[in-house]
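Here the structure is laid out as structure tokens; the discussion comes afterwards.
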Amino acid sequence: MSKANKKAHFNVFIRETGHHAASSKHPSVIPNSGLDLAHFVNQARTAERGLLDSLFVADGYAGLSRRFEPITLFSAIAALTKHIGFIATVGTTYNDPYHIARQFASLDHISKGRAAWNIVTGAQSAAHNFGREEHPEVEQRYKVGEEFVDVVKQLWDSWEEDALVYDKANDLRLDTNKVYHIHHQGEYYKVKGPLNIPRPPQGYPVLVQAGSSEGGKELAARTAEVVFTAQQTLGAAQEFYSDLKGRLVKFGRTPEQLLIMPGLCPIIGDTEAEARDLEEELFSLLDTKQSLSNLSRFFSVDLSEYPLDAPVPIDKLKPAELFRTGITSRRDVIIDAAIREKFTIKQFLSRSAGGHGHITFTGSVLQVADFIEKWLREGGADGFNLLPPIFPAGLESFVDKVVPELQNRGIYRTAYEGTTLRENLGLARPENQHRQVWAANGQTIESAGAF
């Protein structure tokens, strides 16, 4: 698609009160909504009214997150919506491929083709919850993750599309000549298969990945169809966009097969002054001392020693050594933005509080639309992962005010293009890998290892 005809895609990262660090204190939010299904259903329906592509839920296996398990949550929401997609985060380090293949196939069937898997290797250790001695290092996690995803795909492909026959006259429900053992034997996994549920309606649920590290970009270029990232300036976004899209060719892929969606926390007002007032209101609710302490630990420098209107001490923020088992890219992204935009301490703190290191843009409806259009047109994004500062008001403002402006500019849909998430994202339905292998080897379906 040419830049002139390019349409923006949007995901919304749903959570209890919002993405601003002070969201739980805002008078418009309900602080105890994290375990209220109706709260998330309302977010889903608002997003669907705005023709957004998908909802996203983060997840992990350690700490006190107080959040629903994503596939369980999305299975419930799927029954109450029609178009919106569901991106569930599931890690590869503390799971088995068979379980995950089955869960996502189930969600895709339940939602009639609206499931997506956000593939993470797990930066935070949860070894103590799974009977393990230690958390694997980054390099090993990515190696395990690559094989994990390959096994899951093979399991999804272990059923031909027409394996279910439902022949009442002959009392035949399954053609076993079209279901196959995968006989996978790799470095980390040994899986016979087949899966015990038919191939997902989308072939594969959409494969999503987040992260900007070198290993993450390689895994994304090899596997992902949507990438969430955290670039904070257009220049950095353009560099990331060009780098990642340029890696696709060595995996036999084209730029259109991967959508890049930076995180965006939009603070929206009818006028810029109104948006600035909301930004200041949220900042006034922030525990500045605690937030500065958190940033200081993250960057190994005591920012509280500096006045809020002082420039960020860039020379003291550059990390000398990155942690080998944690997230290594987000800190560099924030520092890069501080360098490029010459942040004050207050701006640095506000940006970090607004969107967890993703870009926070404050402005009128027209200014937000201008920002989105510029990044879309100038090779910084294919769309955005929205992180509203407060729920539900932040999402409602985007849907009711920004979406119509984007539609008027011809850079956003006026109706859903299809019934599945893949169709709405413009992604092709993957062919069955086993069929391709058997055809290449001159094997018939019946002799290829069916049970």
Open item on the list: Can you compute the FRET efficiency between residue 192 and residue 273 using 1/(1 + (r/R0)^6), with r the Cβ-Cβ distance and R0 = 60 Å? Round to the nearest 0.05.
Closed with: 0.40
TODO: Determine the alpha carbon to alpha carbon distance for each of 6/250; 82/245; 143/192; 82/217; 7/112; 25/374 and list only those over 27 Å.
DONE: 82/245; 82/217; 25/374
Open item on the list: If Rh is defined by the Kirkwood formula over all Cα pairs and Rg also comes from Cα, what ratio Rg/Rh do you get for the range 230-307?
Closed with: 1.16
Task: Burial ranking of peptide ranges 182-191, 126-135 (average Cβ count within 10 Å, highest at the top) - done: 182-191, 126-135
Open item on the list: Just the number please: accessible area per residue for the range 196-241, 1.4 Å probe, all protein chains included, in Å².
Closed with: 23
Task: Among 165, 355, 106 - extreme Cα towards positive end, dipole of the chain, charges at beta-carbon - done: 165
Task: Using alpha carbons only: equivalent-ellipsoid semi-axes of the range 155-305, gyration tensor based, whole Å - done: 47, 21, 18
Open item on the list: What whole-number distance in Å separates the alpha-carbon centres of the range 332-397 and the range 49-104?
Closed with: 25
Open item on the list: Just to confirm, what accessible area per residue do you get for the range 25-137 at 1.4 Å probe, in whole Å²?
Closed with: 45
Task: From phi via Karplus (6.51, -1.76, 1.60), per-residue ³J(HN,Hα) for the range 243-250 in Hz, x at Gly/Pro - done: 4, 5, 5, x, 7, 5, 4, 6
Task: Ranking by accessible area, most exposed first, for 165, 179, 144 with a 1.4 Å probe - done: 165, 144, 179
- [ ] Measure nothing fancy, just the Cα-based angle from helix 97-110's long axis to the longest principal axis of the chain, in degrees from 0 to 90, nearest 10.
- [x] 80
Task: Tilt relative to the chain, helix 330-341 - C-alpha long axis, 0 to 90 degrees, to 10 - done: 40
Task: Cα radius of gyration and Dmax for the chain (Å) - done: 22.7, 81
- [ ] Sort 203-213, 401-411 for me by packing, meaning the mean count of neighbouring Cβ atoms within 10 Å per residue, highest on top.
- [x] 203-213, 401-411
Open item on the list: If I fit a long axis through the Cα atoms of helix 272-285 and take the longest principal axis of the Cα atoms of the chain, what angle between them do I get, 0 to 90°, rounded to 10?
Closed with: 90
TODO: Assign unit charges at the C-beta atoms only (+1 for Lys and Arg, -1 for Asp and Glu), then state the dipole size of the range 1-117 relative to its Cα centre in Debye, rounded to the nearest 20.
DONE: 460
Task: Accessible surface of the chain [probe 1.4 Å, protein heavy atoms]: carbon and sulfur percent - done: 51
Task: Within the range 1-118, percent of DSSP bridges classed antiparallel, to nearest 5 - done: 0
TODO: Work from the charge dipole of the chain (Cβ charges, +1 for Lys and Arg, -1 for Asp and Glu, about the Cα centre) and give the residue of 290, 233, 268 farthest towards its positive end.
DONE: 233
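The values are calculated or read from the model by the stated rules, or taken from the named source; none is laboratory data. Bear in mind the structure is a predicted one, so any value in this text is a computation, not a measurement. Quick reminder, even Gly has a Cβ in these numbers, built from the backbone with ideal geometry, and neighbours come from all protein chains shown. The area values use the complete protein model at the heavy-atom level, side chains included, leaving out ligands, DNA and RNA. Shrake-Rupley method; radii C 1.70, N 1.55, O 1.52, S 1.80 Å.
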